[in-house]
Amino acid sequence: MLPVLVVHGGAGHIPPERAKVSIAGVRSATRAGYAVLRRGGSAMDGVVEAVTQLENNPYYNAGCGSVLNVKGEVEMDAIVMDGKTLASGAVSAVRNVANPVQLARLVMEKTSHLCLTAEGANQFARDMGVAEVPAESLITDYARMRWRKNLQPDANPVECQMGKMGTVGAVAVDMEGNIACATSTGGMLNKMEGRVGDTACIGCGGYADNKVGAVSPTGHGEAIMKVVLSRLILFHMEQGQSAEAASDSGLAYMKSRVGGLGGVVTVDPQGRWAARFSSRQMSWAAAQKDTLHYGVAAGEHFTQSIDEPN
């Protein structure tokens, strides 16, 4: 059953003209991350590779393609967690960095902290030799269009947020049985400057524990934080629920308790995985036993050889 990698590209309603691109992106990222695992790479290597691929893809709300805050600027959050040691690293409200997930990994590996924010995170990036990129290089025409649209007084950024491809993430179990998760996002449309969502918060935007499993979520960050969604799902797994049942339980509770919609990818130590969502759609893909699984709509589950082109 091992290794296994599961990736998501954001929950919501994906416009038809973008759905094909969204599926292609998560499939490609899953192939890249799974190739790392097949070569004997760690679960952490696999999830960071997959999420890096999606940060570099302008069709997702992470890295290049991130949504803009109320001032029309990009501020990004990311997290990684190692299930073997419970080590974690995160960055929030970071700017001018192409791959926040890689910076989050550096926070985990090179500091005694779990999260660095804003200018402190950027200074750390400079100290680590991470190349700064121009702010404009992270902004797409699509992001700018949606920013302008949501400046209108009657706009509902939370509702509109669910009408796009979004936060990206991955979970994995490697050949050694170690587990990891990674999540990255540009945050919420037209958010206040300095707003930090669920992604950078351990237990909310991701959690990994070799003894239980790993989760990476997507959806309305404030709702995810209120129920500590990732850890809640792992709690259900500790009580004996499967990855799929626990994911559904966590998402159902978030919807009934705080009215939040979203989705998750989840894996257990044996490599049993799930990609579940309460929103209209979520682009996802998984790789296991050289087979690529993928889908975007409820009940959709396609398979093909991992080596077959998109």
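Structure data summary
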read-out: Cβ-derived FRET efficiency at R0 22 Å, M145 paired with K20, nearest 0.05; value: 0.65
read-out: Residue-averaged [θ]222 nm for the chain, counting only DSSP H segments that reach four residues, each worth -39500 (n - 2.57); value: -10500 deg cm²/dmol
read-out: Sequence-distant lysines (8 or more away, or on other chains) whose Cα lies within less than 18 Å of K255; value: K226
read-out: Choice from P217, P100, P15 showing the highest fluctuation, given a GNM over the chain with Cα pairs closer than 10 Å; value: P15
read-out: Alpha-carbon centroids, the stretch 183-213 and the stretch 216-287: separation in whole Å; value: 13 Å
read-out: Proxy reagent accessibility, fewest Cβ within 10 Å first, across W147, W273; value: W147, W273
read-out: Kyte-Doolittle mean at least -1.0, axial Cα span of 24 Å or more - DSSP H helices of the chain; value: 16-38
read-out: Full-stretch length increase - Q270, F235 - with 0.36 nm per residue and alpha-carbon distance subtracted; value: 10.9 nm
read-out: Fluctuation leader among D141, D290, D82 - the chain, Gaussian network, Cα springs under 10 angstrom; value: D141
read-out: Whole-Å distance, taken between Cα centres, linking the stretch 16-38 and the stretch 45-86; value: 15 Å
read-out: (i) 20.1; (ii) 18.4; (iii) 23.4, with the label sought being that of the calculated Kirkwood radius over Cα pairs in Å; value: (ii)
read-out: Packing-based exposure ordering (other Cβ within 10 Å, fewest first) of H13, H220; value: H13, H220
read-out: Taking D174, D248, D154 and counting other C-beta atoms within 10 Å, the order from fewest to most; value: D154, D248, D174
read-out: Residue-span extension gain [T291 to E119] - 0.36 nm each, minus C-alpha spacing; value: 57.7 nm
read-out: Nitroxide proxy distance, nm - points 7 Å out along Cα→Cβ at Q304 and N156; value: 3.7 nm
read-out: Inter-label distance, nm, simple model (7 Å from Cα along the C-beta direction), A131/S242; value: 4.5 nm
read-out: Qualifying lysines (Cα of each under 18 Å from Cα of K110; at least 8 residues distant if same chain); value: K84
read-out: Reachable lysines from K191, criterion Cα separation under 16 angstrom, eight or more residues apart if same chain; value: K71, K149, K164
read-out: Cα gyration tensor category, rounded, prolate or oblate, for the stretch 202-257 with a/c compared to 1.5; value: oblate
read-out: Gyration tensor (alpha-carbon) shape descriptor, the stretch 150-269, a/c threshold 1.5; value: prolate
read-out: Cβ-derived FRET efficiency at R0 22 Å, K110 paired with R39, nearest 0.05; value: 0.35
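A short reminder: the numbers here are calculations on the coordinates, not readings from a lab. Source: prediction; values computed, not measured. No Cβ is skipped: glycine too gets one built from the backbone with ideal geometry, and neighbour counts run over all protein chains shown.
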